[in-house]
Structures are given as C-alpha cells and as structure tokens.
C-alpha cells in the first residue's frame, strides 16, 4: 500500500501478535516503523515476533502507562496503531485496577498526547467484540446494544468511546475495529490470556487433550492474522473511516466442539474433551457470538480471505517449527 | 421509613446537595449516618448543608480517591449511598484525568472494598442521564442506546457498569439511578458545575439577566430534591431493585426559554437573554432530553410529587435567605 510508504508509524503493543504482524507488513510497504512494547510477561509481547525485521524497525521498550514517554513517542508520527492492551477477561476480574490503568487511563493519556502534541496523527484503535456482552441477536451488528459482562469489556468500551469522542470534539482522526478471535503465527500460546486457540494449539502439539469448556455448542467467528492486519491497514488508509467503529468477523461460523474436532481429526492427530466451565469463566461467558462485518465491507471493501482450514494449518505448522520461542519466556 | 431505623449508613459526597438532603431524611428515620466528603471547592460539598444536623451525623473529611480510608469507612455499614462524583461536563473535557480518577477509578476501589470487606452492604449509585447522549427518541427509556457525548458521560457509564457487574458476579447488591436535573435548596449556585439552574437562580436573586444558551428551545425535565431523595431511599429499601438501573424524570417537561420566563415573570421579577452557546458547551450539548420513569414507578412505586412551581419557589426563598452561605466559599 502506497499510503504507508515513507510514513512514520507508531505501533503500541508492537511486539505482540497483531502489532508485530502489522509491523512486518508496514516494513514491506516502506514505512518507518517504531514499535513500543512493555514486554510484560503476562501480555503478548515477544521479541521473537520481530526477529526477521528487527533491523528495519525502531524498538522502544516502554509501557503505555508511562505518559511522559508516550508524549515524546507520539510527536511527529503520521499513524498510530493503538494495539496495546490488557486482553485477558479473567485477569481483569482478578486485577481490575491494572486493567483500568491500561485500557482506560492510558488510552486517555494517549489521546491527550495526540491532542496536545500531534493532532494531525491518524489513530487506528483495536477494540473488541467483548463489549457487546451476551448477544440479543446474531450476527451482531455495530448497532447491537453494548452490555459488557466483565471489567475488561467495561474498560475497553471506555477506551473506544474516548477515541470516538476525541475524533468528534477535537478532530483527532481515529477509527476503531472491534476484533473477534484473531489467531495465527505469533499469538500467545502460553495460556488463554489472548485467545483460547493459543492454548488449544499448544496442547495439540504437545499431545495433550484440548479442553472445551461448557457443552462445546458455543458458536464463534475467527480472523486469521493476515485478514486482521489488512483491516487495520485499510482502516488507516481511508479518512472515510474517521470517527467510526467497525466489527471484524469471519465467514465460517463454527462451534467450539466442531473446531476441536477439526483440529484433532482433520488437521492434526489429537484428542479433545468436554469439561465443565471453571466457575470464574462461566460467569463472564457470552454464549454464542459472531459478528456482522458488512459495514466495513461496504465502507472500505474489507473481507476476510483466509479459510479457517488454511489459517489453522499455517498456525500449527508455525508453532511446530517455532515452539521453542513461544512455549516459555 | 423503618428500613433505615438504627441502620449504619455511609454517604459518599454527603456534604453535597443531594447527599446532605438525604442525610437529613435518614437522621429523621433514626439512622446512624456517616458522611464522607472531600470538600473540594469546585465540587458540591458545603458544611452549611448539614448545619442543622451536624450533631446527629459523623463527618469524615476524605476523598473517594483515598482507597485506604474508604476501606475502613465501608466496613460494617448497612447501606452505602454512593453520590460522590465529578459532575461538570465542561470540566471533564478540560481535566479528563481528574474525572476519570473520581468517576471510574474510585468507583472500582469502592466496589473492591465492598467485595473484600463488606459484601453484605447495599449500594445505591447516583448515575446520570448524560450517558444516553443525544436522544434518538423521547421520552428516553432505560433501553435507549448509550452514547455519551463527553468524557464525563463515558466515565459515569463505566462507573455505573462496574456496579451492575459487581452485583451480577459477586452479589454485591446495588441499584443505579440515572438522575436528571435535580434542583432545590442546597444545590451549588456558584457556577453551573452541578446544574445550570444553580447559576440561574443566583443571577435571578442578584438582579442579573439569566443567560439561556442556544435558542432556548431545548426541552428538559427536572426533579426537586425531595423527590430525588425519596427515589434513593425507596431504591435502597427494596431488594427487587438489585442489579438494576432506573431513570428518574419529571412530569413537567419545559423548554429552557419557558423555564427562564417562568422564573423571571411568574415566580420572581427578573430578566433573561438568549445568547449563543459557548463553543465548548455546544459540542457536548445533547439537544432535547426528558426521561421515561415508568420502570421505577412499576417496580417500587416512585413518582415525582413536587410541582416545578412549588419547587422553584422553595428554592428561590431558600437562597434569598441563605445566600451568604452559598455565594462564596
């Protein structure tokens, strides 16, 4: 994409799964990329994620809660991909204040820095389908009521709302994407903090049974990482998206049980088991979810392209080969 | 109300307009009231508000951002009326971080203190109609989309959502009331930080022209303080309200211009002028608003009882007599 050629790009959370994949693409496009990441062990940052492009990007290790650093980093950037966040729903219930500091307070600091020091920047914000809560109807459109079911959802909603507000009031251009389950090479597989698919793939490769919570009937949609990155890039490239928020979504809706079957029978040799929900997860589960992504298709032509089969095969192959860099710190 | 006789009650923001009026009523009912207030000059706290009951309540000067103090204060209380907040929409745009600390972070600390040290307490939370934003339809029901138009609205929504969540997940009983324009003796009249009616009444009594922003056609509803206090008390007394959020609202809908006419011609001798919106207010104005309060009527029988005429006369009389205690610090 010519849009990004020679442009200065800041990626918050740039050592993470999505941030590093985005950085790789932007380097391809000739952009000048600065990656900011806190490398907090419980989050998604992993230096190996940028091992192939490390000489082509600037790396700044710092936390989005460090608003003095942010101020300097944000100055003079053309694009800001705001992907840093606390992503674990379960952790947000155990440490709600940490989730608040990262997903609410730091977001406001980022926007204030833009307002004061770089009001021409364009921001692309990674929001989440979690803010809808338990769907009233499927597929979930952007008009669906917003009823978060956990602290993370409440906080991400505040963070997203600040972005929309700063676009409206101060003209700081920003676009929000409500991500659904994104998966692929580079995702966190140590545990289920980022996506349950991470720990599933790891257990599959390790020869352990995949554990499906509940009765396995919960429907979900998925985006392979390349599709997610392409949505971020398209959203950044078009001013028609300013002030708006879009669902992403997958075109193959599948139940968790069928997904486990697919992984353990068709794509790899393994086993799965249906186990009761852990209490702390059951209370924040949202039942079936899949999103309507027709709005972003209409506005900027984004559609997911990678099939679930192809995406999962790529992912399994990647972790089979690179597991040493992801299993442990 | 027998419910509150001999009960231990904590009122956060208890030196403010609503908190002090509530405290007075609770003292009447034989409750053991502890008032917490920060007495920050820009907020609603005023020692004169409790001058008649000061020997019948405990007063603890502290800030809701002081979570160590909160922990001790919350222990062993039967009811917690959570009324402390930053209420100015305009201030929330100038100092968004302060609004966040009070209306989001402190709310989470309050709920965490309840969860850890007093999970039997019943909380009544003062929310605001501001979270709806510009109405799609009137009167606004609780099902209306939530689209806050300023930082204060975004933050109050997060605070309200935490309360609903802690009720659902941890069984901390809580009820939210979305207040509309509350007015009456004890309200802040130094400026428009709490309600525009405060500064209107002050200017009226001072012999200055009341300033109506915009074209004066904006519709609003109002609750006299006694009606608001009665809603808080009824909500606290009934476990059927747990986990729910209710609109308050007035039965007399009036435009700002007609309200200015009523004040300056029928109820008092004065003048008003229609002036353009200050830029910083125009961008966060919500147009017409009035709320549907049928849900709270159905559930616990609350209805506003005091007419606008009677309420405004009481208010003017109060400030004519007591202005020395409200005009300046």
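None of the figures in this text is laboratory data; all of them are computed from the coordinates on show. Here the structure is a predicted model, which is why all the values come from computation and not from measurement. Neighbour counts run over all protein chains shown; Cβ positions are idealised from the backbone, glycine included.
Before moving on, here are some points about what is shown:
- Region B:1-147 - Rg and Dmax from Cα coordinates, angstrom: 16.0, 48
- Overall form of region A:109-162 per C-alpha gyration tensor (a/c, 1.5; a/b vs b/c): prolate
- Spread over its residues, the convex hull of the C-alpha atoms of region A:60-101 is 78 Å³ per residue.
- Degrees between helix B:106-117 axis and first principal axis of chain B (Cα, 0 to 90, nearest 10): 20
- Geometric extent, Cα atoms of region B:284-329 - Rg, Dmax (angstrom): 16.2, 42
- Largest-first principal axis extents, alpha carbons of region A:16-88, Å: 29, 27, 18
- Shortest first, residue B:274 label-point distances to identical copies amount to 6.7 nm, with the label point at 7 Å from Cα along Cα→Cβ.
- Starting from the label point of residue A:239 at 7 Å along Cα→Cβ, the same points in the other copies fall at 5.9 nm, in ascending order.
- q = 0.16, 0.19, 0.22 Å⁻¹, region A:118-233: log10 I(q)/I(0) [Debye, one scatterer per Cα]: -0.91, -1.18, -1.37
- log10 of Debye I(q)/I(0), alpha-carbon scatterers only, for region B:166-207 at 0.16, 0.22, 0.25, 0.33 Å⁻¹: -0.53, -0.70, -0.80, -1.11
- Gyration tensor verdict on region A:149-295 (Cα atoms; rounded if a/c is under 1.5, prolate if a/b is larger than b/c, oblate otherwise): prolate
- For chain B, Kirkwood radius (reciprocal of mean inverse C-alpha pair distance, Å): 19.8
- Between residue A:209 and residue A:257, the distance separating the two model label sites (each 7 Å from Cα on the Cα→Cβ line) works out to 1.5 nm.
- The angle between the Cα long axis of helix A:151-170 and the longest principal axis of the Cα atoms of chain A comes to about 30 degrees, rounded to the nearest 10.
- Our estimate of slack between residue A:75 and residue A:217, defined as 0.36 nm per intervening residue step minus the Cα-Cα distance, is 46.3 nm.
- Each label was represented as a point 7 Å from its Cα along the Cα-to-Cβ direction; for residue B:115 and residue B:52 these points are 4.1 nm apart.
- Ranked by how many other beta carbons lie within 10 Å on average, peptides A:268-281, A:159-172, A:102-115, B:153-166 from highest: B:153-166, A:102-115, A:159-172, A:268-281
- Crossing angle, helix A:196-206 versus chain A [Cα axis fit, 0-90 degrees, rounded to tens]: 50
- Peptide A:142-155 is shielded by partner chain Cβ atoms: per residue, an average of 4 of them sit within 10 Å of its Cβ.
- FRET efficiency, residue B:299 to residue A:298 (Cβ-Cβ, R0 35 Å, nearest 0.05): 0.25
- Comment: the Cα-to-Cβ extended label point of residue B:76, at 7 Å, lies 6.1 nm from its counterparts in the other copies, nearest first.
- Where Rh is the Kirkwood radius over Cα pairs, Rg/Rh for the protein assembly as shown: 1.01
- Gyration tensor verdict on region A:222-321 (Cα atoms; rounded if a/c is under 1.5, prolate if a/b is larger than b/c, oblate otherwise): oblate
- Residue-averaged [θ]222 nm for chain B, counting only DSSP H segments that reach four residues, each worth -39500 (n - 2.57): -10500 deg cm²/dmol
- Principal axis dimensions, largest first and in whole angstrom, of region B:190-240 by Cα: 46, 24, 15
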